[in-house]
Amino acid sequence: NNGNNNTIQRNKLPDRRGARKSRFGMHDTKPLLQRKSSTFNENAYGETFKITQEQLHKISNEGIWPDIQQDLEEYGVVSLDKDTPALKLVLSEGEARDKAVGIIEKYLGSITGVDKKSPISIDKPSKEIVFPLTDDQLRQVTNPHHLKMLMDDLTHFGTIGVDEGFLKLKIPLDLPTITPIHKLEKRLGVLLTVQEIKDIRSHIAGDEKSNTDANINIDDIDVLKVNDLQFINHMMKCCKSGVKFIKHKKRGVYDERFVLIDKDRLYWKEKQEERNHRSRSMHLTKIIQVMIGKNTKALRDDVLKDTLPICCFSVVAKKATLDLSSPQKDPIQVREFTAYLKGLQRHFISQASQFMQQTPNNRSHHPNSKHSSRSNGHSSRSNGHGHGHGHGNGHHGNNGHHGHHGHHKHNNQQQQQKPPTNSQQNGKMKLSPIGQGFGGFKFDDQTLNKMTNPNNDNDKQ
(Lines give C-alpha, C1' and ligand atoms only; values in the text may rest on other atoms or scores of the structure.)
Protein backbone atom coordinates (compact mmCIF):
# COMPACT_ATOMS: atom_id res chain seq x y z
CA ASN A 1 0.00 0.00 0.00
CA ASN A 2 1.11 3.56 -0.64
CA GLY A 3 2.00 5.99 2.07
CA ASN A 4 -1.31 7.87 1.73
CA ASN A 5 -3.34 4.88 2.86
CA ASN A 6 -4.58 5.54 6.42
CA THR A 7 -5.85 2.00 6.94
CA ILE A 8 -4.32 0.40 10.03
CA GLN A 9 -2.66 -2.86 9.05
CA ARG A 10 -3.27 -5.83 11.34
CA ASN A 11 0.39 -6.78 11.30
CA LYS A 12 1.31 -3.28 12.47
CA LEU A 13 -0.57 -3.67 15.80
CA PRO A 14 1.51 -4.24 18.94
CA ASP A 15 2.44 -7.82 19.68
CA ARG A 16 0.37 -9.02 22.69
CA ARG A 17 2.91 -11.37 24.15
CA GLY A 18 2.07 -10.18 27.66
CA ALA A 19 -1.68 -10.76 27.36
CA ARG A 20 -3.46 -10.99 30.67
CA LYS A 21 -4.14 -14.45 32.00
CA SER A 22 -6.77 -13.22 34.44
CA ARG A 23 -10.00 -15.17 34.62
CA PHE A 24 -11.41 -12.84 37.27
CA GLY A 25 -15.19 -12.62 36.86
CA MET A 26 -15.15 -14.06 33.33
CA HIS A 27 -17.26 -17.08 34.19
CA ASP A 28 -19.85 -15.41 36.38
CA THR A 29 -22.76 -16.95 34.46
CA LYS A 30 -24.11 -19.36 37.06
CA PRO A 31 -27.90 -19.68 37.12
CA LEU A 32 -29.61 -18.73 40.35
CA LEU A 33 -30.24 -22.30 41.52
CA GLN A 34 -26.56 -23.10 41.10
CA ARG A 35 -25.59 -20.01 43.09
CA LYS A 36 -27.88 -21.11 45.91
CA SER A 37 -26.24 -24.52 46.05
CA SER A 38 -22.66 -23.30 45.54
CA THR A 39 -20.41 -23.70 48.54
CA PHE A 40 -18.00 -21.25 50.12
CA ASN A 41 -15.09 -22.61 48.05
CA GLU A 42 -16.96 -22.29 44.75
CA ASN A 43 -18.09 -18.69 45.16
CA ALA A 44 -16.33 -15.35 45.03
CA TYR A 45 -14.41 -14.71 48.23
CA GLY A 46 -12.86 -11.68 49.90
CA GLU A 47 -10.38 -11.30 52.73
CA THR A 48 -8.26 -8.56 54.28
CA PHE A 49 -4.77 -9.07 55.68
CA LYS A 50 -3.23 -6.58 58.05
CA ILE A 51 0.42 -6.13 57.11
CA THR A 52 3.39 -4.66 58.98
CA GLN A 53 5.06 -1.34 58.25
CA GLU A 54 8.09 -3.30 57.03
CA GLN A 55 5.92 -5.14 54.50
CA LEU A 56 4.33 -1.88 53.42
CA HIS A 57 7.77 -0.36 52.90
CA LYS A 58 8.76 -3.37 50.83
CA ILE A 59 5.72 -2.94 48.57
CA SER A 60 6.26 0.79 48.21
CA ASN A 61 10.00 0.81 47.56
CA GLU A 62 11.12 -2.47 46.04
CA GLY A 63 8.98 -2.53 42.88
CA ILE A 64 7.36 -5.88 43.69
CA TRP A 65 3.71 -4.78 43.65
CA PRO A 66 3.17 -5.23 39.87
CA ASP A 67 4.69 -8.71 40.13
CA ILE A 68 2.34 -9.67 42.99
CA GLN A 69 -0.67 -8.46 41.03
CA GLN A 70 0.38 -10.26 37.87
CA ASP A 71 1.05 -13.55 39.65
CA LEU A 72 -2.41 -13.37 41.25
CA GLU A 73 -4.28 -12.62 38.03
CA GLU A 74 -5.20 -16.26 37.48
CA TYR A 75 -7.12 -16.34 40.76
CA GLY A 76 -8.30 -12.82 41.44
CA VAL A 77 -7.17 -9.31 42.33
CA VAL A 78 -5.41 -7.67 45.27
CA SER A 79 -5.38 -4.04 46.34
CA LEU A 80 -3.43 -2.11 48.95
CA ASP A 81 -4.86 -0.01 51.76
CA LYS A 82 -1.89 2.10 52.86
CA ASP A 83 -3.70 3.74 55.76
CA THR A 84 -4.41 0.58 57.78
CA PRO A 85 -2.09 -0.86 56.28
CA ALA A 86 -3.76 -3.95 54.82
CA LEU A 87 -4.14 -6.03 51.67
CA LYS A 88 -7.57 -6.66 50.18
CA LEU A 89 -7.79 -9.94 48.31
CA VAL A 90 -10.78 -10.82 46.10
CA LEU A 91 -10.88 -14.24 44.43
CA SER A 92 -13.21 -15.70 41.81
CA GLU A 93 -13.42 -18.84 43.95
CA GLY A 94 -12.70 -19.30 47.63
CA GLU A 95 -10.83 -22.56 47.09
CA ALA A 96 -7.90 -20.57 45.61
CA ARG A 97 -7.33 -18.77 48.91
CA ASP A 98 -4.30 -20.78 50.06
CA LYS A 99 -2.63 -20.55 46.64
CA ALA A 100 -3.17 -16.78 46.55
CA VAL A 101 -1.79 -16.35 50.07
CA GLY A 102 1.24 -18.42 49.09
CA ILE A 103 1.92 -16.10 46.15
CA ILE A 104 1.77 -13.00 48.36
CA GLU A 105 3.95 -14.55 51.06
CA LYS A 106 6.56 -15.40 48.42
CA TYR A 107 7.18 -11.66 48.14
CA LEU A 108 6.29 -10.35 51.61
CA GLY A 109 6.92 -13.15 54.04
CA SER A 110 4.21 -14.36 56.39
CA ILE A 111 0.88 -12.51 56.31
CA THR A 112 -1.12 -15.24 58.04
CA GLY A 113 -0.07 -14.58 61.61
CA VAL A 114 2.44 -17.40 61.89
CA ASP A 115 5.11 -15.01 63.12
CA LYS A 116 2.51 -13.02 65.12
CA LYS A 117 3.75 -9.75 63.62
CA SER A 118 0.91 -9.33 61.16
CA PRO A 119 -2.13 -11.21 62.44
CA ILE A 120 -4.71 -12.09 59.82
CA SER A 121 -8.33 -11.76 60.83
CA ILE A 122 -9.21 -15.38 60.14
CA ASP A 123 -6.60 -16.62 62.65
CA LYS A 124 -7.64 -14.29 65.47
CA PRO A 125 -10.59 -14.84 67.85
CA SER A 126 -13.46 -13.93 65.54
CA LYS A 127 -17.20 -13.63 65.36
CA GLU A 128 -19.08 -15.08 62.39
CA ILE A 129 -22.24 -13.29 61.32
CA VAL A 130 -24.58 -15.07 58.91
CA PHE A 131 -27.14 -13.38 56.64
CA PRO A 132 -29.64 -15.29 54.45
CA LEU A 133 -29.67 -13.47 51.11
CA THR A 134 -32.51 -12.59 48.78
CA ASP A 135 -32.14 -13.72 45.17
CA ASP A 136 -31.09 -10.23 44.08
CA GLN A 137 -28.51 -9.94 46.86
CA LEU A 138 -27.15 -13.39 46.04
CA ARG A 139 -26.65 -12.48 42.38
CA GLN A 140 -24.79 -9.33 43.38
CA VAL A 141 -22.47 -10.63 46.07
CA THR A 142 -21.46 -13.80 44.14
CA ASN A 143 -20.35 -11.60 41.24
CA PRO A 144 -16.58 -11.15 41.69
CA HIS A 145 -16.66 -7.62 40.27
CA HIS A 146 -19.41 -6.58 42.69
CA LEU A 147 -17.54 -8.21 45.55
CA LYS A 148 -14.49 -6.19 44.54
CA MET A 149 -16.59 -3.00 44.78
CA LEU A 150 -17.80 -4.05 48.22
CA MET A 151 -14.24 -4.70 49.35
CA ASP A 152 -13.17 -1.28 48.06
CA ASP A 153 -15.75 0.26 50.40
CA LEU A 154 -14.39 -1.57 53.42
CA THR A 155 -11.33 -1.10 55.58
CA HIS A 156 -9.64 -4.05 57.29
CA PHE A 157 -12.45 -6.27 58.59
CA GLY A 158 -11.89 -10.02 58.10
CA THR A 159 -13.38 -12.39 55.54
CA ILE A 160 -16.50 -12.45 53.37
CA GLY A 161 -17.99 -15.24 51.29
CA VAL A 162 -21.22 -16.98 50.34
CA ASP A 163 -22.09 -20.55 51.31
CA GLU A 164 -25.27 -22.05 49.82
CA GLY A 165 -27.10 -18.73 49.71
CA PHE A 166 -25.88 -17.40 53.07
CA LEU A 167 -23.51 -14.45 53.30
CA LYS A 168 -20.90 -15.13 55.97
CA LEU A 169 -18.81 -12.42 57.57
CA LYS A 170 -15.96 -13.32 59.89
CA ILE A 171 -14.78 -10.34 61.92
CA PRO A 172 -12.15 -10.24 64.69
CA LEU A 173 -13.58 -9.61 68.13
CA ASP A 174 -11.42 -6.51 68.53
CA LEU A 175 -12.92 -4.81 65.46
CA PRO A 176 -16.38 -3.16 65.25
CA THR A 177 -18.92 -5.31 63.41
CA ILE A 178 -21.34 -2.51 62.58
CA THR A 179 -19.00 -0.68 60.18
CA PRO A 180 -18.63 -3.43 57.55
CA ILE A 181 -22.30 -4.37 57.89
CA HIS A 182 -23.34 -0.77 57.25
CA LYS A 183 -21.08 -0.62 54.20
CA LEU A 184 -22.59 -3.84 52.85
CA GLU A 185 -26.15 -2.62 53.41
CA LYS A 186 -25.32 0.56 51.55
CA ARG A 187 -24.80 -1.57 48.44
CA LEU A 188 -27.02 -4.60 49.02
CA GLY A 189 -29.94 -3.28 51.03
CA VAL A 190 -31.16 -4.60 54.39
CA LEU A 191 -29.26 -7.63 55.68
CA LEU A 192 -31.10 -9.57 58.38
CA THR A 193 -29.25 -12.10 60.50
CA VAL A 194 -30.49 -15.63 61.09
CA GLN A 195 -31.49 -14.59 64.62
CA GLU A 196 -33.47 -11.59 63.37
CA ILE A 197 -35.40 -13.83 60.99
CA LYS A 198 -36.02 -16.27 63.83
CA ASP A 199 -37.52 -13.44 65.90
CA ILE A 200 -39.80 -12.39 63.03
CA ARG A 201 -40.96 -15.98 62.58
CA SER A 202 -41.71 -16.13 66.31
CA HIS A 203 -43.94 -13.03 66.10
CA ILE A 204 -45.85 -14.54 63.18
CA ALA A 205 -46.29 -17.85 64.99
CA GLY A 206 -47.64 -16.18 68.14
CA ASP A 207 -48.18 -18.04 71.40
CA GLU A 208 -50.58 -20.83 72.20
CA LYS A 209 -53.03 -18.64 74.12
CA SER A 210 -53.31 -15.93 71.47
CA ASN A 211 -53.68 -18.55 68.74
CA THR A 212 -56.42 -20.33 70.66
CA ASP A 213 -58.26 -17.07 71.36
CA ALA A 214 -58.00 -16.06 67.69
CA ASN A 215 -58.80 -19.55 66.41
CA ILE A 216 -55.53 -19.59 64.44
CA ASN A 217 -53.91 -22.88 63.51
CA ILE A 218 -50.16 -22.34 63.17
CA ASP A 219 -50.05 -25.07 60.50
CA ASP A 220 -52.15 -22.81 58.27
CA ILE A 221 -49.44 -20.12 58.15
CA ASP A 222 -47.64 -20.93 54.90
CA VAL A 223 -44.68 -18.57 55.36
CA LEU A 224 -43.59 -20.52 58.46
CA LYS A 225 -43.20 -23.72 56.41
CA VAL A 226 -40.29 -22.47 54.28
CA ASN A 227 -36.55 -22.23 54.94
CA ASP A 228 -34.74 -18.99 55.76
CA LEU A 229 -33.75 -18.23 52.15
CA GLN A 230 -37.34 -18.64 50.95
CA PHE A 231 -38.58 -16.69 53.96
CA ILE A 232 -36.38 -13.62 53.38
CA ASN A 233 -37.31 -13.60 49.68
CA HIS A 234 -41.02 -13.73 50.47
CA MET A 235 -40.73 -11.12 53.20
CA MET A 236 -38.78 -8.60 51.12
CA LYS A 237 -41.02 -9.03 48.07
CA CYS A 238 -44.09 -8.55 50.26
CA CYS A 239 -42.62 -5.44 51.88
CA LYS A 240 -41.53 -3.94 48.57
CA SER A 241 -44.68 -4.60 46.51
CA GLY A 242 -47.02 -3.76 49.37
CA VAL A 243 -50.11 -5.27 50.94
CA LYS A 244 -53.63 -3.94 50.47
CA PHE A 245 -55.23 -2.76 53.70
CA ILE A 246 -58.13 -0.47 54.58
CA LYS A 247 -56.97 2.85 56.01
CA HIS A 248 -59.37 4.30 58.58
CA LYS A 249 -59.91 7.89 59.69
CA LYS A 250 -62.23 9.44 62.22
CA ARG A 251 -66.03 9.32 61.88
CA GLY A 252 -66.02 6.11 59.85
CA VAL A 253 -64.12 7.44 56.81
CA TYR A 254 -62.01 4.78 55.12
CA ASP A 255 -60.17 4.01 51.86
CA GLU A 256 -58.10 1.16 50.48
CA ARG A 257 -54.36 1.69 50.50
CA PHE A 258 -51.29 -0.32 49.53
CA VAL A 259 -48.94 -0.34 52.50
CA LEU A 260 -45.27 -1.16 51.92
CA ILE A 261 -41.80 -0.89 53.42
CA ASP A 262 -39.04 0.47 51.23
CA LYS A 263 -35.59 0.51 52.82
CA ASP A 264 -36.17 2.31 56.15
CA ARG A 265 -39.59 3.90 55.56
CA LEU A 266 -43.21 2.77 55.74
CA TYR A 267 -45.31 4.05 52.81
CA TRP A 268 -48.99 3.97 51.87
CA LYS A 269 -50.54 4.86 48.51
CA GLU A 270 -53.77 4.47 46.53
CA LYS A 271 -52.42 2.37 43.66
CA GLN A 272 -49.65 -0.19 43.70
CA GLU A 273 -47.97 1.24 40.60
CA GLU A 274 -47.76 4.78 42.02
CA ARG A 275 -44.41 6.13 43.12
CA ASN A 276 -43.71 6.39 46.83
CA HIS A 277 -44.22 9.83 48.39
CA ARG A 278 -42.46 10.87 51.57
CA SER A 279 -45.50 12.93 52.50
CA ARG A 280 -47.34 9.62 52.89
CA SER A 281 -44.71 7.78 54.86
CA MET A 282 -43.05 7.26 58.22
CA HIS A 283 -39.42 6.60 59.03
CA LEU A 284 -39.27 3.24 60.78
CA THR A 285 -37.30 4.64 63.70
CA LYS A 286 -39.99 7.29 64.23
CA ILE A 287 -42.57 4.59 64.91
CA ILE A 288 -43.32 4.37 68.61
CA GLN A 289 -45.78 1.45 68.67
CA VAL A 290 -47.30 -1.15 66.36
CA MET A 291 -50.45 -2.46 68.04
CA ILE A 292 -52.77 -5.21 66.87
CA GLY A 293 -56.35 -4.56 67.97
CA LYS A 294 -58.91 -1.77 68.04
CA ASN A 295 -56.82 0.62 70.09
CA THR A 296 -57.90 3.92 68.51
CA LYS A 297 -61.15 5.80 68.03
CA ALA A 298 -60.96 5.30 64.27
CA LEU A 299 -60.82 1.52 64.64
CA ARG A 300 -63.62 1.43 67.23
CA ASP A 301 -66.08 3.04 64.83
CA ASP A 302 -69.31 1.19 63.97
CA VAL A 303 -68.10 0.66 60.42
CA LEU A 304 -65.79 -2.02 61.84
CA LYS A 305 -68.34 -3.66 64.15
CA ASP A 306 -68.21 -6.91 62.14
CA THR A 307 -64.39 -6.96 62.03
CA LEU A 308 -62.52 -8.70 64.83
CA PRO A 309 -59.84 -6.72 66.70
CA ILE A 310 -57.17 -9.22 65.57
CA CYS A 311 -57.81 -8.07 61.99
CA CYS A 312 -56.93 -4.45 62.81
CA PHE A 313 -53.72 -2.69 63.77
CA SER A 314 -52.35 0.79 64.42
CA VAL A 315 -48.93 2.22 63.63
CA VAL A 316 -48.27 5.06 66.06
CA ALA A 317 -45.57 7.61 65.25
CA LYS A 318 -44.69 10.92 66.87
CA LYS A 319 -46.70 13.04 64.45
CA ALA A 320 -49.25 10.62 63.02
CA THR A 321 -51.15 7.38 63.56
CA LEU A 322 -51.93 4.97 60.74
CA ASP A 323 -55.02 2.87 61.44
CA LEU A 324 -55.51 -0.18 59.22
CA SER A 325 -57.63 -3.30 58.86
CA SER A 326 -57.51 -6.37 56.65
CA PRO A 327 -59.95 -6.23 53.70
CA GLN A 328 -60.31 -10.03 53.91
CA LYS A 329 -60.62 -9.85 57.71
CA ASP A 330 -57.59 -12.12 57.83
CA PRO A 331 -55.74 -12.13 61.17
CA ILE A 332 -52.76 -13.98 59.69
CA GLN A 333 -52.29 -11.22 57.08
CA VAL A 334 -52.21 -8.64 59.86
CA ARG A 335 -49.88 -10.65 62.06
CA GLU A 336 -47.49 -11.35 59.17
CA PHE A 337 -47.20 -7.73 58.01
CA THR A 338 -46.84 -6.32 61.52
CA ALA A 339 -44.12 -8.90 62.23
CA TYR A 340 -42.21 -7.72 59.16
CA LEU A 341 -42.68 -4.08 60.14
CA LYS A 342 -41.52 -4.55 63.72
CA GLY A 343 -38.67 -6.79 62.66
CA LEU A 344 -37.27 -4.13 60.32
CA GLN A 345 -37.89 -1.43 62.92
CA ARG A 346 -35.90 -3.41 65.50
CA HIS A 347 -33.16 -3.91 62.92
CA PHE A 348 -32.56 -0.19 62.38
CA ILE A 349 -32.80 0.62 66.09
CA SER A 350 -30.30 -2.14 66.84
CA GLN A 351 -27.97 -0.83 64.15
CA ALA A 352 -28.05 2.61 65.72
CA SER A 353 -27.38 1.21 69.18
CA GLN A 354 -24.42 -0.81 67.93
CA PHE A 355 -23.05 2.18 66.06
CA MET A 356 -23.13 4.27 69.23
CA GLN A 357 -21.41 1.56 71.28
CA GLN A 358 -18.77 0.52 68.76
CA THR A 359 -17.89 3.86 67.14
CA PRO A 360 -18.43 6.52 69.84
CA ASN A 361 -16.14 8.99 68.08
CA ASN A 362 -18.29 9.01 64.94
CA ARG A 363 -21.66 9.89 66.44
CA SER A 364 -21.68 13.42 65.08
CA HIS A 365 -19.33 12.93 62.13
CA HIS A 366 -21.21 10.53 59.91
CA PRO A 367 -23.33 12.68 57.58
CA ASN A 368 -24.58 9.80 55.45
CA SER A 369 -25.07 7.23 58.15
CA LYS A 370 -28.41 5.74 59.06
CA HIS A 371 -26.88 4.77 62.38
CA SER A 372 -26.72 8.27 63.81
CA SER A 373 -29.00 8.08 66.80
CA ARG A 374 -29.56 11.75 67.37
CA SER A 375 -31.05 12.37 63.97
CA ASN A 376 -32.94 9.12 63.50
CA GLY A 377 -34.76 9.29 66.80
CA HIS A 378 -32.80 6.51 68.45
CA SER A 379 -31.65 8.46 71.48
CA SER A 380 -34.05 9.46 74.21
CA ARG A 381 -31.85 12.47 74.89
CA SER A 382 -32.49 14.01 71.49
CA ASN A 383 -36.19 13.48 70.93
CA GLY A 384 -37.65 11.17 73.50
CA HIS A 385 -37.99 8.15 71.27
CA GLY A 386 -35.61 5.87 73.05
CA HIS A 387 -38.03 4.82 75.79
CA GLY A 388 -41.01 4.58 73.49
CA HIS A 389 -39.28 2.12 71.19
CA GLY A 390 -38.62 -0.14 74.09
CA HIS A 391 -42.36 -0.64 74.46
CA GLY A 392 -43.15 -0.64 70.77
CA ASN A 393 -43.22 -4.45 70.57
CA GLY A 394 -46.50 -4.83 72.45
CA HIS A 395 -49.35 -6.13 70.35
CA HIS A 396 -52.27 -5.14 72.53
CA GLY A 397 -53.38 -2.57 75.06
CA ASN A 398 -55.70 0.42 75.08
CA ASN A 399 -53.17 2.68 76.68
CA GLY A 400 -51.03 3.07 73.60
CA HIS A 401 -52.16 6.62 72.95
CA HIS A 402 -51.77 7.70 76.55
CA GLY A 403 -48.15 6.64 76.46
CA HIS A 404 -47.79 8.49 73.19
CA HIS A 405 -49.09 11.79 74.58
CA GLY A 406 -46.99 11.43 77.70
CA HIS A 407 -44.01 11.02 75.43
CA HIS A 408 -44.74 14.32 73.73
CA LYS A 409 -44.80 16.12 77.05
CA HIS A 410 -41.53 14.63 78.14
CA ASN A 411 -40.02 15.50 74.79
CA ASN A 412 -41.15 19.13 74.96
CA GLN A 413 -39.58 19.57 78.37
CA GLN A 414 -36.27 18.22 77.12
CA GLN A 415 -36.33 20.41 74.07
CA GLN A 416 -36.71 23.49 76.29
CA GLN A 417 -33.73 22.43 78.37
CA LYS A 418 -31.30 21.50 75.58
CA PRO A 419 -30.62 23.18 72.25
CA PRO A 420 -30.78 20.95 69.16
CA THR A 421 -27.56 19.32 68.05
CA ASN A 422 -25.94 20.14 64.73
CA SER A 423 -27.21 16.92 63.24
CA GLN A 424 -30.75 17.82 64.27
CA GLN A 425 -30.45 21.24 62.71
CA ASN A 426 -29.27 20.14 59.30
CA GLY A 427 -31.32 16.94 59.27
CA LYS A 428 -28.94 15.20 56.88
CA MET A 429 -28.38 12.15 59.04
CA LYS A 430 -32.00 11.06 58.72
CA LEU A 431 -31.43 9.61 55.27
CA SER A 432 -30.24 6.02 55.36
CA PRO A 433 -28.09 5.35 52.29
CA ILE A 434 -28.96 1.67 52.02
CA GLY A 435 -29.70 -0.42 48.98
CA GLN A 436 -27.97 1.88 46.50
CA GLY A 437 -26.68 -1.06 44.48
CA PHE A 438 -23.49 -0.69 42.49
CA GLY A 439 -24.14 2.47 40.51
CA GLY A 440 -22.09 4.53 42.95
CA PHE A 441 -24.43 7.53 42.92
CA LYS A 442 -24.38 10.07 45.74
CA PHE A 443 -26.98 12.55 46.92
CA ASP A 444 -26.00 16.18 46.65
CA ASP A 445 -26.63 18.56 49.55
CA GLN A 446 -29.71 20.13 47.96
CA THR A 447 -31.35 16.76 47.42
CA LEU A 448 -30.46 15.67 50.93
CA ASN A 449 -32.03 18.79 52.43
CA LYS A 450 -35.23 18.29 50.46
CA MET A 451 -35.48 14.60 51.23
CA THR A 452 -34.73 14.98 54.92
CA ASN A 453 -37.06 17.88 55.69
CA PRO A 454 -38.72 16.90 58.99
CA ASN A 455 -41.96 18.54 57.86
CA ASN A 456 -42.41 15.78 55.31
CA ASP A 457 -43.06 13.24 58.06
CA ASN A 458 -46.59 14.44 58.70
CA ASP A 459 -49.57 12.31 57.78
CA LYS A 460 -51.07 14.45 55.04
CA GLN A 461 -53.59 11.98 53.76
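What to note about this one:
- For ASP255, the shell of other residues with beta-carbons less than 9 Å away shows a net charge of +1, using +1 for Lys and Arg and -1 for Asp and Glu.
- Taking 0.36 nm per residue of separation and subtracting the current Cα-Cα distance, fully stretching the chain between GLN230 and GLN195 would add 11.1 nm.
- For LYS319, a cut-off of 15 angstrom between C-alpha atoms picks up these aspartates and glutamates, skipping any fewer than 8 places away in its own chain: ASP457, ASP459.
- Rounded to the nearest whole Hz, the Karplus-based 3J(HN,Hα) values (6.51 cos²θ - 1.76 cosθ + 1.60, θ = phi - 60°) of the range 100-105 follow the sequence 5, 4, x, 5, 5, 5, with x at glycine and proline.
- Summarising the amide proton neighbourhood of LEU167: residues at separation of 5 or more, or on other chains, whose placed amide H is nearer than 5 Å comprise PHE131, LEU133.
- Neighbours of ILE221, meaning other residues whose beta-carbon lies under 9 angstrom from its beta-carbon, give a summed charge of -2 when Lys and Arg score +1 and Asp and Glu score -1.
- Highest-first arrangement of 69-80, 131-142, 202-213, where packing means the average Cβ count within 10 Å: 131-142, 69-80, 202-213
- Our coupling estimate for the range 282-292, obtained by passing each phi through the Karplus curve with A = 6.51, B = -1.76, C = 1.60 and θ = phi - 60°, is 9, 6, 4, 7, 8, 7, 8, 8, 10, 10, 7 Hz, Gly and Pro reported as x.
- Reported to the nearest whole Å, the Cα centre-to-centre distance from the range 265-301 to the range 33-54 is 41.
- Residues in the range 310-353 that a label on ASP213 would reach, taking backbone N under 17 Å of a point 7 Å out along Cα→Cβ: 310-314, 331-332, 334-336
- Cα-based Lys proximity count in the range 175-244, under 26 Å, for pairs eight or more positions apart or on separate chains: 15
- Using heavy atoms of the protein chains and a probe of 1.4 Å, the accessible area assigned to ILE181 is about 10 Å².
- Estimated FRET transfer efficiency (SER350, LYS250; beta-carbon r; R0 45 Å; 0.05): 0.80
- Under the Karplus curve 6.51 cos²θ - 1.76 cosθ + 1.60, θ = phi - 60°, whole-Hz ³J(HN,Hα) for the range 335-341, x wherever Gly or Pro sits: 5, 5, 5, 5, 5, 4, 4
- Hydrodynamic radius (Kirkwood) for the range 188-300, which is based on Cα pairs only, to one decimal in Å: 16.3 Å
- Added length on full extension, which subtracts the Cα-Cα distance from 0.36 nm per residue, LYS240 to SER37: 70.5 nm
The values are calculated or read from the model by the stated rules, or taken from the named source; none is laboratory data. Owing to the predicted nature of the structure, the values given are computational and were not obtained by experimental measurement. Don't worry about glycine lacking a Cβ; one is built from the backbone with ideal geometry, like all the others, and counts go over all protein chains shown. Keep in mind that these areas ignore ligands, DNA and RNA; they rest on the heavy atoms of the full protein, side chains included. Shrake-Rupley method; radii C 1.70, N 1.55, O 1.52, S 1.80 Å.
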